[in-house]
1. Report whether or not LEU31 is closer than 18 Å to THR164 by Cβ and part of a helix (DSSP H, G or I).
2. Do we find that VAL67 is open to solvent by 10 Å² or more (accessible area, probe 1.4 Å) and in contact with a strand residue (DSSP E or B) (Cβ under 8 Å, 6 or more places away or on another chain) in this structure?
3. Which of (1) under 15 Å from the mean Cα position of the chain (by Cα); (2) open to solvent by 70 Å² or more (accessible area, probe 1.4 Å); (3) touching a residue at least 40 places away in the same chain (Cβ under 8 Å) does ARG171 not meet, given it meets every other one?
4. Within segment 108-116, is even one residue within 25 Å of PHE137 (Cβ to Cβ) and either among the β-branched types (Val, Ile, Thr) or not in a loop (DSSP other than H, G, I, E, B) (or both)?
5. Report yes if some residue within segment 87-101 is closer than 16 Å to PHE14 by Cα and in a loop (DSSP other than H, G, I, E, B); otherwise report no.
6. Output the number of residues of segment 36-61 satisfying the condition of being within 25 Å of GLY98 (Cα to Cα) and surrounded by fewer than 21 Cβ atoms within 10 Å (Cβ to Cβ).
7. Would you check if there is a residue in segment 164-174 being closer than 29 Å to ILE55 by Cβ, out of contact with any Gly (no Cβ under 9 Å at 6 or more places or on another chain) and assigned to a helix (DSSP H, G or I)?
8. Could you tell me whether ALA186 is open to solvent by less than 50 Å² (accessible area, probe 1.4 Å) and either more than 14 Å from the chain's Cα centre (by Cα) or of a type in the set (Asp, Glu) (or both)?
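The values are calculated or read from the model by the stated rules, or taken from the named source; none is laboratory data. Note that the coordinates shown come from a computational prediction; the quantities given were computed from them, not determined experimentally. Note that each Cβ is placed from the backbone with ideal geometry, even for glycine, and that neighbours are counted across all protein chains shown. Please note that ligands, DNA and RNA were not included when accessible areas were found on the heavy atoms of the full protein model with its side chains. Shrake-Rupley method; radii C 1.70, N 1.55, O 1.52, S 1.80 Å.
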Amino acid sequence: MERPEIGVLGAGAFGTALAITLAQAGRGVSLWSRDGAQAARMRETGENAARLPGIDLPPRLIPTAEVAEAAAAPILLLAVPTQSLRGLAETHAEALAGRTLVACCKGVELGTGLLPTQVLEQAIPGARTAVLTGPSFAVDIAQGKPTALTLATAHTGGEALQTTLATPDLRLYLTEDALGAQLGGALKNVIAIAAGVVLGAGFGESARAALMTRGFAEIQRLAESRGA
């Protein structure tokens, strides 16, 4: 197999969608699934029917069940849940070492309170990390609908990484504030749940608007206190 330009570890909806848009833009992409049967079905049928039914996988996207094949790429997108990230990184630390590791997940690790890039840097000392985050739906990305995300990294080489991962349909905004980007992605879920509670309680749109506005202010204050 030809060495891929980008490896995507995690064949859920978001990981598959990222792999599709990158491959459609001409990148050589390897998509790893921990489920060997799923990887085989994707190769045979040309789609990830379990996650994105009806959307074709481009020819330059190669599904695999071997981490080493995907991790042969210099840039790895880790599209696994935050609570699974440490296990993946520790289990395959040797294969992931020396690569640029882009966390494609939101949240805080239970028990440690660490953010995704912090988990990676703890599991793989010296790792070059970044995070890809922002408002998006996997099916929109896979279908080529315009989407904008934030690419955040505190390491050098962010501009080159931005160029490699951007596609005609996926615009990436670069920032050095990886801490702020990750805290925003995690904390907004708290406000989203509260907004649902407000609607469920019948308090109306004005109350929801107030909660979102004040919630955003609280997110900013908390993030700044953490160094964002």
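1. Details: closer than 18 Å to THR164 by Cβ: yes; part of a helix (DSSP H, G or I): no.
Taking the combined requirement at face value, the residue does not satisfy it.
2. Details: open to solvent by 10 Å² or more (accessible area, probe 1.4 Å): yes; in contact with a strand residue (DSSP E or B) (Cβ under 8 Å, 6 or more places away or on another chain): yes.
Here the answer is yes, as VAL67 does meet what is asked.
3. Failed condition: (3).
4. Initial filter on segment 108-116 (within 25 Å of PHE137 (Cβ to Cβ)): 108-109, 115-116.
If we keep only those that are either among the β-branched types (Val, Ile, Thr) or not in a loop (DSSP other than H, G, I, E, B) (or both) as well, we get 108, 116.
Yes: one or more hits.
5. no
6. 1
7. There is at least one residue in segment 164-174 that is closer than 29 Å to ILE55 by Cβ, out of contact with any Gly (no Cβ under 9 Å at 6 or more places or on another chain) and assigned to a helix (DSSP H, G or I).
8. no
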